[in-house]
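The structure under discussion appears below in the form of structure tokens.
The values are calculated or read from the model by the stated rules, or taken from the named source; none is laboratory data. In this text the structure is predicted, and so the values were computed from the model without any measurement. Cβ coordinates were reconstructed from backbone atoms using ideal geometry, including for glycine residues, and neighbour counts include every protein chain displayed. Each accessible area value is taken on the protein alone, full model and side chains, heavy atoms only, with ligands, DNA and RNA left out. Shrake-Rupley method; radii C 1.70, N 1.55, O 1.52, S 1.80 Å.
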Amino acid sequence: MYPNSPNIRLTLLTMELIQNSIGSTTYQLQQSKEVIGISFSITSNEYYESKRSNIKIDIALKLQSFLYDNSKYADIAGVIYKIERTYQIGQFIELYLNKTKIRKRDVIGYT
């Protein structure tokens, strides 16, 4: 595989936090979109910046810009991540993701 060839499959998720009749909150899936991206290593500067801002970055990846729909969550291999930061770089957009405690079974409408 070439260094910049797509190597990670993910599902972009748009979810809304809703409250039920007894007051507990849960996520409801609004939209999902499967895309393929390019995984890359986080630089030492990005690592130290994430430590300074208390936002842990677990995965960094690039997508073609036209594929990204401003989703705030992504599912990679059954694990749901929050998209913490994005950077537009030409025809690509870089996504920096943080692992969440949200499980697929806890999201209404997501199978």
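Of the residues 30, 19, only one is over 14 Å from the mean Cα position of the chain (by Cα), more than 23 Å from residue 5 (Cβ to Cβ) and modelled with pLDDT of 95 or more; which?
On the way: 19 fails: modelled with pLDDT of 95 or more.
Sole residue among the options that is over 14 Å from the mean Cα position of the chain (by Cα), more than 23 Å from residue 5 (Cβ to Cβ) and modelled with pLDDT of 95 or more: 30.
Within the range 74-89, which residues are open to solvent by 30 Å² or more (accessible area, probe 1.4 Å) and within 16 Å of residue 32 (Cα to Cα)? Steps first, answer last, please.
So in the range 74-89, the residues open to solvent by 30 Å² or more (accessible area, probe 1.4 Å) come out as 77-79, 82, 84-89.
Matches in the range 74-89: 77, 78, 79, 82.
Which of the following residues is farther than 23 Å from residue 110 by Cα, open to solvent by 60 Å² or more (accessible area, probe 1.4 Å) and not small (Gly, Ala, Ser): 92, 66, 40?
Working: 92 fails: open to solvent by 60 Å² or more (accessible area, probe 1.4 Å); 40 fails: open to solvent by 60 Å² or more (accessible area, probe 1.4 Å).
One residue alone meets the criteria, 66.
Of all residues in the range 87-111, count the ones that are out of contact with any Gly (no Cβ under 9 Å at 6 or more places or on another chain), in a strand (DSSP E or B) and under 17 Å from residue 31 (Cβ atoms).
2
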